[in-house]
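Right, one structure below, let's go through it.
Bear in mind these aren't lab numbers, they're just calculated from the coordinates by the rules spelled out. Quick caveat, the model's predicted, so the values are computed rather than measured. Positions of Cβ are backbone-derived with ideal geometry, glycine not excepted, and every protein chain shown enters the neighbour counts.
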Amino acid sequence: MAWIRTTITCRHCGKPGLYGNRDWIQACYKRWINAGRPTSGPPPAPVRQQREAWIPSRPSAVGRLEDYRFLREQGELDKEMLADRLNLSIRHVERLIAADRILAQQAESEAA
Ligand SMILES: [Zn+2]
C-alpha cells in the first residue's frame, strides 16, 4: 500500500498532520513504532520545554542590552555585525534580541 501523502486530523491526538497509518498522523505513528507498538496506542507527545526567557538584570548585562538597542537604532540589524561591534558571541546577541523583544512586549501590555 502506498504511503498516503495527505493531511489528516489525527484520530489519536486530534492534531493535523501528514497521514501516517491507522488514522494517525506520522508523528503519532512513528512515536508508536518507536515505543514498540504498544496496544494502548501512541505514547503522549513529549512536551516541549518552554524555557524561561532570559532578561538581563546585572548592570553589565543591562548595559549590553542598551548598547544593542543603540546599534539597532543606528540601523545595524545583522547579527554577525552586532556581535562584532558589541564584542559578544552571536548566541549572546540572539539572547539580547529575545530579551529586548520580551521587554518591549511587557511594556506594550502594561501600557494597554
Ligand atoms: Zn496524533
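Numbers at a glance
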| read-out | value |
| --- | --- |
| Test item: Cα-centred dipole of the stretch 1-43, Lys/Arg +1 and Asp/Glu -1 on Cβ, debye | 60 debye |
| Equivalent-ellipsoid semi-axes of the stretch 59-111, from the Cα gyration tensor, Å, largest first | 20, 11, 10 |
| Computed E for Leu18/Asp67 - FRET, C-beta separation, R0 41 angstrom, nearest 0.05 | 0.35 |
| Equivalent ellipsoid dimensions for the chain as semi-axes, Å, which come from the Cα gyration tensor, largest first | 45, 16, 15 |
| Normalised contact order of the chain, rounded percent, pairs of Cα under 8 Å and 6 or more residues apart | 13 percent |
| Calculated [θ] (222 nm, deg cm²/dmol) that DSSP helices of n ≥ 4 give over the chain, each run adding -39,500 (n - 2.57) | -15500 deg cm²/dmol |
| Highest to lowest packing among 31-43, 87-99, scored as the average C-beta count within 10 Å | 87-99, 31-43 |
| Two-decimal Rg to Rh for the stretch 1-43 - Kirkwood Rh, Cα set | 0.95 |
| The stretch 59-111, dipole about Cα centre (Lys/Arg Cβ +1, Asp/Glu Cβ -1), debye to the nearest 20 | 180 debye |
| Kyte-Doolittle at least -1.0, axis length at least 30 Å by Cα - qualifying DSSP helices, the chain | 90-111 |
| Residues with amide H under 5 Å from that of Arg22, placed H, sequence gap 5 or more | none |
| Cβ-placed point charges (K, R +1; D, E -1), dipole of the chain about Cα centre in debye, nearest 20 | 960 debye |
